[in-house]
1. Any residue at all in segment 221-236 that's surrounded by fewer than 15 Cβ atoms within 10 Å (Cβ to Cβ), in contact with a strand residue (DSSP E or B) (Cβ under 9 Å, 6 or more places away or on another chain) and part of a helix (DSSP H, G or I)?
2. If you scan segment 168-189, which residues turn out to be out of contact with any strand residue (DSSP E or B) (no Cβ under 8 Å at 6 or more places or on another chain) and not in a helix (DSSP H, G or I)?
3. Residues being assigned to a helix (DSSP H, G or I) and hydrophobic (A, V, I, L, M, F, W, C): count how many of those fall in segment 53-66.
4. Working carefully through the options D266, D207, D201, D197, find the one that is within 26 Å of I121 (Cα to Cα), among the charged types (D, E, K, R) and not in a helix (DSSP H, G or I).
5. Restricting the search to segment 268-300, which residues are surrounded by 12 or more Cβ atoms within 10 Å (Cβ to Cβ), of a type in the set (D, E, K, R) and without any contact (Cβ under 8 Å) to a residue 60 or more places away in the chain?
6. Hey, among the residues in segment 320-336 that are touching a residue at least 40 places away in the same chain (Cβ under 8 Å) and either outside any helix (DSSP H, G or I) or among the aromatic types (F, W, Y) (or both), which one's nearest to E232 (Cα to Cα)?
7. Name, by its number, the condition in (1) crowded, with 21+ Cβ neighbours inside 10 Å; (2) modelled with pLDDT under 95 that does not hold for Q140.
8. Determine whether segment 22-33 contains at least one residue that is under 25 Å from Q139 (Cβ atoms) and within 15 Å of the chain's Cα centre (by Cα).
Amino acid sequence: MKTLILHIGMFKTGTSSIQATLDSNSEYLKSKGIYYSSRLHHHNFTFFPLFYEEPETLPDWQIQFDREQAREKQRFYLDEWSAEFKEDFRFFIISSENVTLWERAEIDKALDFLQPHFDQIKVVIYLRSFTSYLSSAVQQLVKNAFSNKDLHTLLKEEIKFINYQELIQKWAEKLGDENIIVRNFRREFFKNNNLIDDFIDAVGISDIDPSQIVNIRVNESIGKHSVLLLNELNKKYPVFLNDVLNLERGLARRYIPLEVFEKVPDEKFELDIKYDAEEAQYLNNQLEYVNSFLPEGQELEYVEASDQRTVIPDASDIPISYYVEMINEYHRYIDQLLDMLEDKNKEG
C-alpha cells in the first residue's frame with residue numbers, strides 16, 4: 001500500500017524543525033521506505049500554492065512572480081510532484097503548514113491531483129492550546145509582515161479567525177475521521193518527550209530507529225522587543241499597499257534577515273490573553289469536536305471569559321540596550337555578507 005502523509009502544521013507547532021529533520025535525514029528514511037522530497041523542499045513554496053486560482057496573489061509568490069510566471073510555476077511544480085510520486089516507496093511525506101489556509105476549493109483540487117497516485121492519504125495536524133497559539137500567531141504575523149495593524153487589533157482578528165473544528169472537518173469530510181491524526185503540541189505528550197519521535201509515531205511508521213535520526217531544531221521565534229519594533233515598521237512601511245508591492249519599504253522584494261532578530265538578547269513574547277464572553281464561547285464550542293480526535297488525557301484546555309482587556313506592551317518601552325544589540329547584530333550580519341562577497345570575488 002502506498003500512503004501519503006500530509007503534514008499541515010499548524011503554524012508554530014515545530015513544523016520547521018520537522019521539515020528540516022525530514023530533509024536532513026531523507027537518505028536514511030528512503031532506506032526504510034519513506035520518501036520526503038528534498039528536491040522540492042520547502043513545500044510551503046513548491047506545493048502549497050499549486051491549487052489556487054490566482055497563485056500570484058500569495059505573498060511569497062507575489063514578491064517574485066507576475067501572473068504568467070506564477071501560472072507557469074504552478075504547471076512546472078505539478079509536473080515535478082507527479083514525477084516524484086512515481087518513486088516506489090511505502091510512505092510519502094509532504095509537509096506544509098500553509099496548507100491550513102486552504103479552503104474547500106483548494107482541498108478538492110489537491111485531492112483530485114493526489115488521490116490517483118496513492119492508495120491512502122492521512123493528514124497530520126498538531127494543535128496548541130488557544131492561548132499559546134494566539135501569542136505565537138500574533139508574533140508570526142508581525143514577523144512575516146502580513147499586517148500593518150496594531151497588536152490589539154491583530155489579536156482580536158486572530159481570535160475570530162482561529163477555528164480548529166472547521167480545519168479538521170474540512171479534511172475529515174473528504175478522507176474520513178480515521179485518516180485525520182491530531183496531536184496536542186505539548187512536550188510532555190510527545191513520545192520520548194521528542195517532537196520528531198512523536199511525529200514518526202503519529203503517522204504509524206514502526207520500523208524507524210530514533211537513534212539514527214539526527215534531530216534538527218529550528219528556532220524561528222523572535223522576542224518581545226523585536227515584535228514591537230517590527231510591528232512599528234510594518235505599520236509605517238507595509239509590504240503591500242493596495243495589493244501592490246510597497247517599494248518605499250527597505251528589502252520589500254527580499255526578506256528581512258530575521259536571523260539577526262533571533263540572535264538579539266530579548267524577553268519572550270507572551271501575551272496574557274483575556275477573552276470576552278463571546279470569544280470564550282466561540283473557542284470553547286469547538287473543543288468537544290476537536291478533543292474527540294485527541295488521545296484521552298491529552299485534550300486541549302477550555303478558556304475562561306474575563307471582563308478585563310489584554311495588556312499589550314508598547315513600543316515606547318523598548319530599552320536602549322535592545323537597540324544597541326540590534327545595531328551590533330546587523331553590523332555582524334553585514335560583515336558576513338561582505339566576507340562572502342570578497343571570497344566570491346577572489347574565486348572569480
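1. No - not one qualifying residue is present in segment 221-236.
2. At the first step, the residues of segment 168-189 found to be out of contact with any strand residue (DSSP E or B) (no Cβ under 8 Å at 6 or more places or on another chain) are 169-170, 173-174, 176-178, 186-188.
Matches in segment 168-189: G176, R186.
3. In the first step, residues of segment 53-66 are kept if they are assigned to a helix (DSSP H, G or I); the result is 55-57, 59-64.
Add one more test, that the residue is hydrophobic (A, V, I, L, M, F, W, C), and what stays is 61, 63.
Counting residues in segment 53-66 that are assigned to a helix (DSSP H, G or I) and hydrophobic (A, V, I, L, M, F, W, C) gives 2.
4. Working: D266 fails: within 26 Å of I121 (Cα to Cα); D201 fails: not in a helix (DSSP H, G or I); D197 fails: not in a helix (DSSP H, G or I).
Just one listed residue meets the conditions, D207.
5. If the condition is that a residue be surrounded by 12 or more Cβ atoms within 10 Å (Cβ to Cβ), of a type in the set (D, E, K, R) and without any contact (Cβ under 8 Å) to a residue 60 or more places away in the chain, then K274, D276 are the ones that fit.
6. If we take residues in segment 320-336 being touching a residue at least 40 places away in the same chain (Cβ under 8 Å) and either outside any helix (DSSP H, G or I) or among the aromatic types (F, W, Y) (or both), then Y322 is nearest to E232 (Cα to Cα).
7. Going through (1) crowded, with 21+ Cβ neighbours inside 10 Å; (2) modelled with pLDDT under 95 one by one, Q140 breaks only (1).
8. We begin by selecting, within segment 22-33, every residue under 25 Å from Q139 (Cβ atoms); these are 22-23.
Add one more test, that the residue is within 15 Å of the chain's Cα centre (by Cα), and what stays is none.
There is no residue in segment 22-33 that is under 25 Å from Q139 (Cβ atoms) and within 15 Å of the chain's Cα centre (by Cα).
The values are calculated or read from the model by the stated rules, or taken from the named source; none is laboratory data. Keep in mind that what you see is a predicted model, and the values were worked out from it rather than measured. No Cβ is skipped: glycine too gets one built from the backbone with ideal geometry, and neighbour counts run over all protein chains shown.
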